[in-house]
Amino acid sequence: MDKCCVKALVVGKVQGVWYRRATQEQALRHGVTGHARNLPDGRVEVLMCGDREAVKALSEWLWKGPPNARVTHVELEVVEAHDPDTFSTL
């Protein structure tokens, strides 16, 4: 299995619209571990670790988000691989 970790910074209307919880549900569906957390500036940080194809699929979903989200930008950065046990919302 080809594993990787990617950190995403998601910009737009992404706080107060169940974005983190919906991201967690998608991550668990794809077998991706990591976290989603609100940042003080209104963005959401998402760490995604797992199979490269699963991380890619979740990265693409971040542009959509849950129904009430309005994503305007997603910045992706490949980070050093580490393997969290689960996907959490912080």
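The values are calculated or read from the model by the stated rules, or taken from the named source; none is laboratory data. Everything quoted here is computed from the prediction, not taken from an experiment. Cβ placement follows ideal geometry from the backbone for every residue including glycine, while neighbour counts extend to all protein chains displayed. The accessibility values were calculated without ligands, DNA or RNA, using every heavy atom of the protein model including side chains. Shrake-Rupley method; radii C 1.70, N 1.55, O 1.52, S 1.80 Å.
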Taking region 1-25 and keeping residues of a type in the set (S, T, N, Q), under 20 Å from A81 (Cα atoms) and open to solvent by 20 Å² or more (accessible area, probe 1.4 Å) leaves Q24
Looking at the chain, what strands (runs of 3 or more DSSP E) fall wholly within it and have at least 2 residues that are under 13 Å from the mean Cα position of the chain (by Cα) and without any contact (Cβ under 8 Å) to a residue 12 or more places away in the chain? none
Yes/no for L76 being aliphatic (A, V, I, L, M), surrounded by fewer than 18 Cβ atoms within 10 Å (Cβ to Cβ) and under 22 Å from K3 (Cα atoms): yes
For region 34-73, name all the residues that are within 17 Å of D2 (Cα to Cα) and open to solvent by 20 Å² or more (accessible area, probe 1.4 Å). D51, R52, E53, K56, A57
